[in-house]
Amino acid sequence: MRFGYREACLDHDTGKRHPETADRLRAVKRGLAREHGVVYESGRLATETEALAVHEQEYVESLEAFCADGGGTWDADTVAVEATWEAALASAGLSLWAADAALDGADGRETPFALGRPPGHHAEADNAMGFCFFNNAAVAAAVALDRPDVDSVAVFDWDVHHGNGTQDIFYDDDRVLYASIHERGLFPGTGNLKETGRGEGVGTTLNVPYPSGCGDAAYLAAVDEAVAPVTRAHDPDLLLVSAGFDAHQKDPISRQRVSTEGYGLLTSRLRALADDCDAALAFVLEGGYGLEALSESIWKVNSVFDGYEPAPGDDDPGDRARSVLDDVRDAHGL
């Protein structure tokens, strides 16, 4: 794969006790160092105009001023320093790079993966929250829609938390499908399976709010039986994966049971889905707070594009997951 990485993303200092630290990116780079041929691209900073594709001007100006004044605590979970402004623009810019690279033909071993931080999927049009300032995937999706070769985009979010910001930004936009598998009851408490879109966007939001304890089989069943058919019907030109790895069984802040091999299997499914839709494919980093689990999982994603075939596991998602998935299928007429 080609990885987007920019040193400015390390300068967003959240403090020693915060789970979202620069050590996440350092761990990922250490894990990928064992691979030959890993390529890093520096991307560019997103412009304020590009951020305004999904964020309100008053919010962007307030965030810039907040950082210029030295930052501080935006909310209980979301902190900033002066360097956060450039880091946030860099993280959004890496997502823009990933989308453009994919749309320009980068695939197979060249498939782009934006390793940016701060993450983005909780950032709303007018507010930062959940460690996120700019909604990186949403910025990339919105800007991609300005290209003449893009009519529609799908964002698939496998982070353990629901991407409330991404959903809200595109909730009434029929050009963008947002699909999420997340753990029910976790922050931010959104992502009910009955949330399916509004107005022209009805049917273009798909949520699979699984109970805790779900593992590989449940996640793969959600892709096979819900995410894939809805995505095929949407027929996107670009498939963006909001790739958080905090559903990993060794992540400290969730209770899901996805394995490292499971992320390899999910990657294989998404690669096949993109091929089925003739869609460009790009990955954007979201969460993942166990450093070893994060590093190993991204290494596994890269390995799939390098020819590795993950071993299939248990095919039974379990009764609790099956019940949720049946309700999701009913909500979308599947």
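The values are calculated or read from the model by the stated rules, or taken from the named source; none is laboratory data. What you see is a predicted model, and the numbers here were worked out from it, not measured in a lab. A quick note on method: Cβ atoms are made from the backbone with ideal geometry, for glycine too, and the neighbour counts reach across all protein chains shown.
For region 168-190, taking the residues that are among the β-branched types (Val, Ile, Thr) and over 15 Å from Ala243 (Cα atoms), the one that is surrounded by the most Cβ atoms within 10 Å (Cβ to Cβ) is identified as Val176. Among the residues of region 8-34, those that are under 24 Å from Ser303 (Cα atoms) and either in contact with a Phe, Trp or Tyr (Cβ under 7 Å, 6 or more places away or on another chain) or at pLDDT 95 or above (or both) comprise Ala22, Asp23, Arg24, Leu25, Arg26, Ala27, Val28, Lys29, Arg30, Gly31, Leu32. In region 310-334, the residues that are in contact (Cβ under 8 Å) with a residue 60 or more places away in the chain and assigned to a loop (DSSP other than H, G, I, E, B) reach residues that are polar (S, T, N, Q) and surrounded by 14 or more Cβ atoms within 10 Å (Cβ to Cβ) with C-beta atoms within less than 8 angstrom, at least six apart or across chains, in these pairs: Gly313/Ser259; His332/Thr196. For the condition β-branched (Val, Ile, Thr), free of Cβ contacts under 8 Å to residues at least 40 places away in the same chain and assigned to a loop (DSSP other than H, G, I, E, B), what is the one hit in Thr21, Thr14? Only one candidate passes the filter, namely Thr21. Of all the residues in region 117-127, those that are within 18 Å of Gln57 (Cβ to Cβ) and either basic (Lys, Arg) or in contact with a His (Cβ under 8 Å, 6 or more places away or on another chain) (or both) number 3.
For region 189-238, the set of residues classified as in a helix (DSSP H, G or I) and of a type in the set (Phe, Trp, Tyr) consists of Tyr219 only. Take region 202-231 and flag every residue that is over 19 Å from the mean Cα position of the chain (by Cα) and without any contact (Cβ under 8 Å) to a residue 60 or more places away in the chain. Listed by number, the residues that qualify are Val202, Ser212.
In region 57-75 there is no residue matching the filter, namely being assigned to a loop (DSSP other than H, G, I, E, B), at pLDDT 95 or above and buried (at least 24 other Cβ atoms within 10 Å of the Cβ). Identify, please: which residue in region 73-92 is in contact with a helix residue (DSSP H, G or I) (Cβ under 7 Å, 6 or more places away or on another chain) and free of Cβ contacts under 8 Å to residues at least 40 places away in the same chain and is, among those, nearest to Phe187 (Cα to Cα)? Across region 73-92, the extreme among qualifying residues is Trp85. Scanning region 143-167 for residues that are without any contact (Cβ under 8 Å) to a residue 60 or more places away in the chain, buried (at least 22 other Cβ atoms within 10 Å of the Cβ) and either over 28 Å from Pro211 (Cα atoms) or out of contact with any helix residue (DSSP H, G or I) (no Cβ under 8 Å at 6 or more places or on another chain) (or both) yields His162, Asn164, Gln167.
Taken over region 24-41, the criterion of being in a loop (DSSP other than H, G, I, E, B) and of a type in the set (Asp, Glu) is satisfied by Glu35 alone.
Assess whether Arg44 counts as being in a loop (DSSP other than H, G, I, E, B) and either of a type outside the set (S, T, N, Q) or buried (at least 19 other Cβ atoms within 10 Å of the Cβ) (or both). Spelling it out, Arg44 is indeed in a loop (DSSP other than H, G, I, E, B) and either of a type outside the set (S, T, N, Q) or buried (at least 19 other Cβ atoms within 10 Å of the Cβ) (or both). So in region 225-254, with the set limited to residues that are under 15 Å from Ala272 (Cβ atoms) and of a type in the set (A, V, I, L, M), which one is surrounded by the fewest Cβ atoms within 10 Å (Cβ to Cβ)? Among those that are under 15 Å from Ala272 (Cβ atoms) and of a type in the set (A, V, I, L, M), it is Ala228. Of all residues in region 112-146, those satisfying the criterion of being assigned to a loop (DSSP other than H, G, I, E, B), in contact with a strand residue (DSSP E or B) (Cβ under 9 Å, 6 or more places away or on another chain) and more than 16 Å from Tyr178 (Cα to Cα) are Leu115, Gly116, Arg117, Pro118, Pro119, Ala128, Phe131, Phe133.
From the list Leu177, Leu186, the lone residue that is modelled with pLDDT of 95 or more, part of a strand (DSSP E or B) and touching a Ser or Thr at 6+ places or on another chain (Cβ under 9 Å) is Leu177.
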